[in-house]
Each structure stands twice: as structure tokens, then as C-alpha cells.
């Protein structure tokens, strides 16, 4: 589930920061609102991220944060990618 580029990107952004808002995530990952929303929904359903919707200055704002399971899933994916890289260079 995490290996998809946008989902991997979302979790990576959240690893670097405790939380990130929707706009920052969209800009960082260079995706559309709809594309990001769909991937957020998948990760939220899997229990990998927490979505918090608030109002700030009367404007809606969506905050994302990685759950402990999301952090573990990201680490597993990064380890698998590193193993692929290591294997490709050894031949």
C-alpha cells in the first residue's frame, strides 16, 4: 500500500514533520487536490495517517499526521527499497 509514489511521499513528508497541512502536502508532492485527497483517504482507512479538520481564521484547514502504524509501514517500505538498491549494485 505504501509503495505508491504519492502515498510514499505523504508518509515521508510526515516523517520529517510531526504534521503537515493539506496545502503544503499538495505543493510538496506536486499533485492535484483530488489526487491527494484520494491517497489520503486510502492511508487513513489503513490507519497509517490521522486527518484533523479545523477552522483557522474562519477557513477550513486539514492537518495530516502519521500514526505509529504509518511510521512502521514507511520504515518497512524504505528498508525494502534499500534492499533493492543494495541488490542492484552487487551484481
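For this structure, a couple of remarks:
- Summed over the stretch 5-22, the residues that are in contact (Cβ under 8 Å) with a residue 12 or more places away in the chain and either more than 17 Å from residue 71 (Cβ to Cβ) or surrounded by fewer than 12 Cβ atoms within 10 Å (Cβ to Cβ) (or both) give a count of 4.
- Residue that is surrounded by the fewest Cβ atoms within 10 Å (Cβ to Cβ), among those in the stretch 57-74 that are touching a strand residue (DSSP E or B) at 6+ places or on another chain (Cβ under 9 Å) and part of a strand (DSSP E or B): 60
- Any chance residue 32 is farther than 16 Å from residue 4 by Cα and modelled with pLDDT of 95 or more: no
The values are calculated or read from the model by the stated rules, or taken from the named source; none is laboratory data. Just so we're clear, the structure is a prediction, and the values are computed from it rather than from any experiment. In this analysis, Cβ positions are derived from the backbone assuming ideal geometry, glycine residues included, and neighbour counts consider all displayed protein chains.
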